[in-house]
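Notes follow once the structure below has been shown.
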Amino acid sequence: MIFTVTLNPTIDQTLVLERFVAGDTLRVKSSRFDPGGKGVNVSWVVNELGGESVAMGFAPGGLGRYIEQTLKAQGIECDFVHTKGEVRTNITILDESRHIHTILSDPGPETDVRFVGQLLKKLRKRLSANDWLIVAGSIPPPLSPDIYAEIISMAREYGVHTVLDADGPALVAGVAARPEIVKGNRRELERLLGRHLSDEESTLEAANILREMTIRTAVVTRGREGAVAVSDEGSWRSLAPRVRAVSAVGSGDAFLAGIVLSLSGGGTMEEALRLGVAAGTACVLTPGTELCRRREVDILQPRVKVQRIEPEPALAQGD
């Protein structure tokens, strides 16, 4: 089973404008609301692609119940801890004329540390060997980033495949707990490692640095350039098919859902990258915070190119 943990879920509101002009009064062409947060998005895409997952984490206030009810209505099992406060709202402003989006991100409600114990108790009851656990997204204040290390360490003791997708201090703390897979984008790894990743070579070097931290598999997304992956079996690059992008919001979560769904079913890294890139690419075809649809994923998947990266041959002595 695939489990996702979202500690700081959101209600994602998308506002579509013909053109965004700061300081002006603007007419909204259309708007939509979607349950959000990285783990929630992963569960949604896993379900859309025909898999099963359990969405867990915190569900603050009435909007938390709304997220839970919406997921259940779509056939996604939930087991959230109901906390105080209210779910944050993230606002995405989509400028149609320039094909750019602006995101206003709320930090989330204050969360009492006692709820962490309740979540860990739920996880201990549910997790079994060979399950997959995805810990993703931001951490609500004033909780310590060490909560990610605690969750990952506990899951590893149960023989669970652990996956981390985070940024900043949460990524630093999570990596220290040695999850099996770390997924990040170029900017997240730049912040983690303190170096500029300008091309594929530098990105592969960053992935290998993660491997030196005893991370078995490092996967790095590179936007329009696809993604690279480095694991015990070798290194791969994946190239996304060219499409007319509408919005990239949620594409990284869709990519991760495809990766984990494939690997959890026994797929190879090559197969996982093909499904992940197809899901991420399908996501950019939808407006705002709307995620991918299976029909588009199925169409795009054969068009994804995945290549094994062969190591440079060592120079013979004296050359």
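Condition check: within 24 Å of V46 (Cα to Cα), part of a strand (DSSP E or B) and hydroxyl-bearing (S, T, Y). Does T162 satisfy that?
Working: within 24 Å of V46 (Cα to Cα): yes; part of a strand (DSSP E or B): yes; hydroxyl-bearing (S, T, Y): yes.
Judged against the criteria, T162 is a match.
Determine if the range 49-56 includes at least one residue that is surrounded by 13 or more Cβ atoms within 10 Å (Cβ to Cβ), among the hydroxyl-bearing types (S, T, Y) and at pLDDT 95 or above. Walk me through how you get there before you give the answer.
First pass over the range 49-56, keeping only residues surrounded by 13 or more Cβ atoms within 10 Å (Cβ to Cβ): 49, 51-56.
With the extra rule that they be among the hydroxyl-bearing types (S, T, Y), the set shrinks to 53.
Now restrict to residues that are at pLDDT 95 or above: 53.
Within the range 49-56, one or more residues are surrounded by 13 or more Cβ atoms within 10 Å (Cβ to Cβ), among the hydroxyl-bearing types (S, T, Y) and at pLDDT 95 or above.
Any idea how many residues of the range 16-53 are of a type outside the set (G, A, S) and more than 22 Å from G108 (Cα to Cα)? Lay out the reasoning, then the answer.
Taking the range 16-53 and keeping what is of a type outside the set (G, A, S), we get 16-21, 24-29, 32-35, 38, 40-42, 44-49, 52.
The next check asks that each one be more than 22 Å from G108 (Cα to Cα); those that pass are 16-21, 24-29, 45-49, 52.
Qualifying residue count for the region: 18.
Taking interchain pairs and intrachain pairs at least six residues apart, which have beta carbon atoms under 8 angstrom, with the first residue in the range 60-82 and under 23 Å from L49 (Cα atoms) and among the charged types (D, E, K, R) and the second at pLDDT 95 or above and in a helix (DSSP H, G or I)?
Once the first residue is under 23 Å from L49 (Cα atoms) and among the charged types (D, E, K, R) and sits in the range 60-82, its partners that are at pLDDT 95 or above and in a helix (DSSP H, G or I) give D79/K122; D79/R126.
Here are some residues: E201, E180. Which one is among the acidic types (D, E), out of contact with any Lys or Arg (no Cβ under 7 Å at 6 or more places or on another chain) and under 21 Å from W236 (Cβ atoms)?
On the way: E180 fails: out of contact with any Lys or Arg (no Cβ under 7 Å at 6 or more places or on another chain).
Step by step, each of E201, E180 is checked, and only E201 is among the acidic types (D, E), out of contact with any Lys or Arg (no Cβ under 7 Å at 6 or more places or on another chain) and under 21 Å from W236 (Cβ atoms).
Write out, first by first residue and then by second, each pair whose Cβ atoms fall under 7 Å of each other, whose residues are 6+ apart or on separate chains, and whose first residue, in the range 181-204, is within 20 Å of G258 (Cα to Cα) while the second is hydroxyl-bearing (S, T, Y).
I181/T217; N185/T221; R186/T203
Can you spot a residue in the range 147-165 that is under 30 Å from Q13 (Cβ atoms) and surrounded by fewer than 19 Cβ atoms within 10 Å (Cβ to Cβ)?
We begin by selecting, within the range 147-165, every residue under 30 Å from Q13 (Cβ atoms); these are 147-148, 151, 163-165.
Subset that is surrounded by fewer than 19 Cβ atoms within 10 Å (Cβ to Cβ): none.
No, the range 147-165 has no match at all.
Please work out which one of (1) surrounded by fewer than 21 Cβ atoms within 10 Å (Cβ to Cβ); (2) touching a strand residue (DSSP E or B) at 6+ places or on another chain (Cβ under 6 Å) is the condition F80 fails and give its number.
With respect to (1) surrounded by fewer than 21 Cβ atoms within 10 Å (Cβ to Cβ); (2) touching a strand residue (DSSP E or B) at 6+ places or on another chain (Cβ under 6 Å), F80 is out only on (1).
Would you be able to say whether some residue in the range 292-302 is at pLDDT 85 or above and under 23 Å from L164 (Cα atoms)?
Step one: list which residues in the range 292-302 are at pLDDT 85 or above, which gives 292-302.
Applying the additional criterion that residues be under 23 Å from L164 (Cα atoms) yields 292.
Checked against the condition, which is being at pLDDT 85 or above and under 23 Å from L164 (Cα atoms), the range 292-302 yields at least one hit.
I need the strands (runs of 3 or more DSSP E) fully contained in the range 1-111, keeping only those with at least 1 residues that are among the hydroxyl-bearing types (S, T, Y), within 19 Å of G250 (Cβ to Cβ) and touching a Lys or Arg at 6+ places or on another chain (Cβ under 7 Å).
Numbers: elements: 2-6, 10-17, 30-36, 53-60, 77-83, 88-95, 100-104.
Qualifying strands (runs of 3 or more DSSP E): 2-6, 10-17.
Report, by residue number, each residue of the range 175-193 that is of a type outside the set (V, I, T) and farther than 15 Å from K38 by Cα. Explain how you work it out, then say what you get.
Pass one, the range 175-193, residues of a type outside the set (V, I, T): 176-180, 183-193.
Result: A176, A177, R178, P179, E180, R186, R187, L189, E190, R191, L192, L193.
Please pick out the residue among S235, S153, S251, S198 that is of a type in the set (S, T, Y) and either within 19 Å of the chain's Cα centre (by Cα) or under 24 Å from C292 (Cβ atoms) (or both).
S251
If I filter the range 36-56 for residues that are over 24 Å from I259 (Cβ atoms) and of a type in the set (K, R), do I get at least one hit?
We begin by selecting, within the range 36-56, every residue over 24 Å from I259 (Cβ atoms); these are none.
Scanning the range 36-56 turns up no residue that is over 24 Å from I259 (Cβ atoms) and of a type in the set (K, R).
Kindly provide the set of residues from the range 132-149 that are over 18 Å from the mean Cα position of the chain (by Cα) and either polar (S, T, N, Q) or under 30 Å from E290 (Cβ atoms) (or both), ordered by number.
Residues of the range 132-149 over 18 Å from the mean Cα position of the chain (by Cα): 141-144, 146.
Within the range 132-149, P141, L143, S144 qualify.
Please go through (1) closer than 19 Å to A176 by Cα; (2) in contact with a strand residue (DSSP E or B) (Cβ under 8 Å, 6 or more places away or on another chain); (3) polar (S, T, N, Q) for S235 and return the number of the only condition it doesn't satisfy.
(1)
Table: residues versus (1) out of contact with any strand residue (DSSP E or B) (no Cβ under 6 Å at 6 or more places or on another chain); (2) buried (at least 19 other Cβ atoms within 10 Å of the Cβ); (3) at negative phi.
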| site | (1), (2), (3) |
| --- | --- |
| T10 | no, yes, yes |
| E18 | yes, no, yes |
| L26 | no, no, yes |
| N41 | yes, yes, yes |
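Does L120 qualify as being modelled with pLDDT of 95 or more, surrounded by fewer than 20 Cβ atoms within 10 Å (Cβ to Cβ) and aliphatic (A, V, I, L, M)? Show your work before the answer.
Values: modelled with pLDDT of 95 or more: yes; surrounded by fewer than 20 Cβ atoms within 10 Å (Cβ to Cβ): yes; aliphatic (A, V, I, L, M): yes.
So L120 fits the description; yes.
Can you tell me which residues in the range 112-141 are assigned to a loop (DSSP other than H, G, I, E, B) and not hydrophobic (A, V, I, L, M, F, W, C)?
D112, S128, N130, D131, G137, S138, P140, P141
Can you tell me which residue is nearest to Y158 (Cα to Cα) among those in the range 92-117 that are among the hydrophobic types (A, V, I, L, M, F, W, C) and loosely packed, with under 14 Cβ neighbours inside 10 Å? It would help to see each step written out before you state the result.
Initially, the range 92-117 is screened for residues among the hydrophobic types (A, V, I, L, M, F, W, C), giving 93-94, 100, 103-104, 113, 115-116.
Now restrict to residues that are loosely packed, with under 14 Cβ neighbours inside 10 Å: 100, 103-104, 113.
Values: I100: 43, I103: 38, L104: 38, V113: 23 Å.
Result: V113.
The values are calculated or read from the model by the stated rules, or taken from the named source; none is laboratory data. Because the structure is a prediction, the values reported are computed rather than measured. Here Cβ is always computed from backbone atoms with ideal geometry, including for glycine, and neighbour counts include all displayed protein chains.
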